Amino acid sequence: MNRLCLGLALICIGLPAAPLAVGEPIDLSNTRGMQEMVVSVKDLHGTAQLYQQVAGWRVVHAAVADPAQVDFWGLDPAVVVQQILLGNPGAPTGLLRLVKFVGVDQVRIRSSARPFDTGGIFNINALVKDMPSSFEALRDAGFQGFSDPNYYDIFGKRYGGAMLRGHDDVVINLLERVNGSYEDQPAFQVMSNVNNATQVVTNYDRAYDFFTTQLGWGVRWEASPEWAADGANNMSLPNSLLVAGVVKERAASFHMDPEMAGGSIEIFAFEGISGVDFAARAEPPNLGVLMYGVHVAGLCDYLAEIRARAAEHAADAEALATSVRTKADALAEDARAAQ
């Protein structure tokens, strides 16, 4: 296995080294899809305790990262990375891996970011059974809502939603199925494991192409959401801009394959409003949501597939560019002839 595949295996499979005798092994043999979200934090144990109290999660595993993982992240070999893995009992996917980088300079990835600011991973998403209770519990733990819970209809079903920002500028999006069932989810009492996460992107078409053409993922849904008549929303967008039709949104959700375990990845793109781009900060060891951990069976084979698609995509792009240049040259020649 080459260095790149080794690094991807450590990140995507979430393989901890030097276990601290906490938790039990996770069987990944039949898992394909989102295994975990990796979040960089300042206060590892305090944040772990917060999620145990507010979400009802438990510690699945605790570890110090393998030196190979530290090397793959491009960090000094002397850097120590402490980790705690959290989730609901019996739920093998959608886990939350908290990591603390010891002895390094850090900045917050999405520092004081607004929902329409781009770059990095905007939020992590989880289902709750009692929106008012979970919303207040997170606020009591230091999170601040972008707005109070908002209720809306989408895909013919009623939902409650709320977004809150808390430790390390991490945003949690809560979703309640109003009068709906949670039987399709692993059992949970208060808050489900992470079932998807969202990126706010500068170029919707390019991001869509990345997931579908280059990664080869499938589309769960694609939509251009309509705002409520009064502009009510849970993203702290000015109601007046939404009512006036100034701000529009495009969104899509992707998964590795229809049968994948775990959650999905969503992209949002806004028209009519823009902000700061934090993409340059979205890398270890900075603070906040760092990455998705996606478990892939046959990792190096999948990497080869991605590279092949990228090469084919680049060839198609070059062919298109050549065609455009040829047509432009022909038009210019016609113009000179006409003169």
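The values are calculated or read from the model by the stated rules, or taken from the named source; none is laboratory data. If you're wondering where the values come from, they're calculated on a predicted model, not measured in any experiment. Cβ atoms come from the backbone with ideal geometry, glycine included; neighbour counts cover every protein chain shown.
Rundown of residues vs (1) touching a residue at least 60 places away in the same chain (Cβ under 8 Å); (2) over 15 Å from H167 (Cα atoms); (3) not aliphatic (A, V, I, L, M), yes/no style:
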site: F101; (1), (2), (3): yes, yes, yes
site: V104; (1), (2), (3): yes, yes, no
site: I109; (1), (2), (3): yes, no, no
site: P115; (1), (2), (3): yes, yes, yes
site: T118; (1), (2), (3): yes, yes, yes
site: P132; (1), (2), (3): no, yes, yes
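Criterion applied to D43, D71, D66 was being farther than 22 Å from V294 by Cβ and either surrounded by fewer than 20 Cβ atoms within 10 Å (Cβ to Cβ) or in contact with a Leu (Cβ under 9 Å, 6 or more places away or on another chain) (or both), and the one residue passing it is D43.
For the residues G245, G288, G293, G275, the requirement of being in contact (Cβ under 8 Å) with a residue 24 or more places away in the chain and part of a loop (DSSP other than H, G, I, E, B) singles out G275. Just wondering, is there one or more residues in the stretch 155-170 that are on the phi > 0 side of the Ramachandran plot, assigned to a helix (DSSP H, G or I) and in contact (Cβ under 8 Å) with a residue 24 or more places away in the chain? Within the stretch 155-170 (the criterion being on the phi > 0 side of the Ramachandran plot, assigned to a helix (DSSP H, G or I) and in contact (Cβ under 8 Å) with a residue 24 or more places away in the chain), the answer is yes, since at least one residue qualifies. The number of residues in the stretch 193-208 being in contact (Cβ under 8 Å) with a residue 60 or more places away in the chain and outside any strand (DSSP E or B) comes to 8. Of everything in the stretch 269-314 that is in contact with an Asp or Glu (Cβ under 6 Å, 6 or more places away or on another chain) and not aliphatic (A, V, I, L, M), the residue that is farthest from M235 (Cα to Cα) is G293. With respect to G245, is the statement that it is surrounded by fewer than 17 Cβ atoms within 10 Å (Cβ to Cβ) and at positive phi true? Yes.
Of the residues making up the stretch 171-188, those that are part of a strand (DSSP E or B) and under 28 Å from D43 (Cβ atoms) are V171, I172, N173, L174, L175.
Residues of the stretch 210-233 being under 17 Å from the mean Cα position of the chain (by Cα) and either part of a loop (DSSP other than H, G, I, E, B) or over 25 Å from A162 (Cα atoms) (or both), which ones? Passing the criteria: F210, F211, T212, L215, W217, G218. If you go through the stretch 89-129 and pick out every residue that is farther than 17 Å from T47 by Cβ and part of a loop (DSSP other than H, G, I, E, B), you end up with 21.
The residue of the stretch 18-58 that is modelled with the highest pLDDT, among those that are small (G, A, S) and farther than 24 Å from Q189 by Cβ, is S40.
Conditions tested, residue by residue: (1) closer than 20 Å to L287 by Cα; (2) under 22 Å from the mean Cα position of the chain (by Cα).
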site	(1), (2)
V81	yes, yes
I109	yes, yes
S133	no, no
D140	no, no
Y159	no, yes
R165	yes, yes
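Screening G262 on (1) small (G, A, S); (2) modelled with pLDDT under 95; (3) out of contact with any Lys or Arg (no Cβ under 9 Å at 6 or more places or on another chain) shows it passes everything except condition (3). Within the stretch 178-199, take every residue that is surrounded by 15 or more Cβ atoms within 10 Å (Cβ to Cβ) and of a type in the set (V, I, T) and give me the one that is nearest to E249 (Cα to Cα). The extreme case among them is T198. Provide a single number: the residues in the stretch 37-87 that are part of a helix (DSSP H, G or I) and of a type outside the set (A, V, I, L, M, F, W, C). Within the stretch 37-87, residues that are part of a helix (DSSP H, G or I) and of a type outside the set (A, V, I, L, M, F, W, C) number 10.
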